[in-house]
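The block underneath contains the structure these notes are about, expressed in structure tokens.
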Amino acid sequence: MFRLLVADLDSPSYFVALAAVELGCFKAEGIEVELVRDYGAEKGPVLMKEGTLHFLGGPAYIASRTFPGWQGVKLLCALSQYSYWFLAVRADLDVKRGDIGALKGLRISASLPWPEMGLRYMLAEAGVDLVRDKVSIVPPPSNLPAHFKGHAGIEAIRQGLADAYWGNGMRVALGEKLGVAKLHLDLRRGDGPPGARWYNFAALGIISRR
């Protein structure tokens, strides 16, 4: 019996992997797979390293946290196309959608370390210098319970810690629904510098056999 885990169960980004298990797609191919219902973003790479997990659905880079240089693990397939990172700004900001220059002088909340790395790279490629343009990248509030992490960016704005946040589409949709934030950049649909849509994608990783 093989075991499969995804980065998080409440995100639509990895739904394809969940559906493949629940609908019997693996079984139809002669592969018995058990869905592990846990928080894979934190535990998945470690469990793969220990050999107790065989498939991990999440950001394409996730397994490289414990498998440097991809030694011992590989990507089996994409679960969706293009990067699912978005940037939302405070709902009351008078800025034009897609205008990266409008981010100058703002505080942007981003989770550490990997999502923040993508944000820094995007800003640099767009010609934004963090020091010169007075852009601050700040961590999410530290007092959020684990089950509330989808609201991290929203709470950063509500608590006056940030003017914008970087996250997946679900987090942006929540901010819009609550009237706290609005979509500013959607990398998947071409916002941001050229090539930004290729920064990341949802993928299914597997322990490689040698």
**Message:** From the list Gly69, Gly58, exactly one residue is at pLDDT below 95, surrounded by 19 or more Cβ atoms within 10 Å (Cβ to Cβ) and not in a loop (DSSP other than H, G, I, E, B). Which is it?
**Reply:** Gly58
**Complete:** Among strands (runs of 3 or more DSSP E) entirely within region 107-210, at least 1 residues that are touching a residue at least 40 places away in the same chain (Cβ under 8 Å) occur in 107-109, 164-167, 181-186, 202-207
**Request:** Would you mind finding the one in Gly127, Gly105, Gly160, Gly192 that is surrounded by 14 or more Cβ atoms within 10 Å (Cβ to Cβ) and among the small types (Gly, Ala, Ser)?
**Result:** Gly192
**Prompt:** Residue check: is Arg37 surrounded by fewer than 14 Cβ atoms within 10 Å (Cβ to Cβ), of a type in the set (Lys, Arg) and in contact with an Asp or Glu (Cβ under 9 Å, 6 or more places away or on another chain)?
**Reply:** no
**Complete:** Note on region 57-68: residues over 13 Å from the mean Cα position of the chain (by Cα) and over 18 Å from Pro113 (Cβ atoms) are none
**Prompt:** What residue, of Asp133, Asp99, Asp94, is over 22 Å from Gly175 (Cα atoms), among the acidic types (Asp, Glu) and over 19 Å from the mean Cα position of the chain (by Cα)?
**Reply:** Asp133
**Request:** Considering only region 160-170, state which residues are of a type outside the set (A, V, I, L, M) and modelled with pLDDT of 95 or more.
**Result:** Gly160, Asp163, Tyr165, Trp166
**Prompt:** Looking at region 164-210, which of its residues are touching a Phe, Trp or Tyr at 6+ places or on another chain (Cβ under 6 Å) and closer than 13 Å to Ala88 by Cα?
**Reply:** Asn168, Gly169, Val172, Asp186, Leu187
**Fill in**
Within region 9-35, the residues that are assigned to a loop (DSSP other than H, G, I, E, B) and either touching a helix residue (DSSP H, G or I) at 6+ places or on another chain (Cβ under 6 Å) or touching a residue at least 40 places away in the same chain (Cβ under 8 Å) (or both) are Asp10, Ser11
**Prompt:** Has region 40-50 got any residue that is surrounded by 15 or more Cβ atoms within 10 Å (Cβ to Cβ) and in contact (Cβ under 8 Å) with a residue 40 or more places away in the chain?
**Reply:** yes
**Prompt:** For Leu75, are the conditions met, namely being under 28 Å from Ser142 (Cα atoms) and either in a strand (DSSP E or B) or of a type in the set (Phe, Trp, Tyr) (or both)?
**Reply:** no
**Request:** Give the residue, chosen from Phe15, Phe2, that is among the aromatic types (Phe, Trp, Tyr), surrounded by 12 or more Cβ atoms within 10 Å (Cβ to Cβ) and within 23 Å of Trp114 (Cα to Cα).
**Result:** Phe15
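The values are calculated or read from the model by the stated rules, or taken from the named source; none is laboratory data. This is a predicted model, so every value here is computed, not measured. No Cβ is skipped: glycine too gets one built from the backbone with ideal geometry, and neighbour counts run over all protein chains shown.
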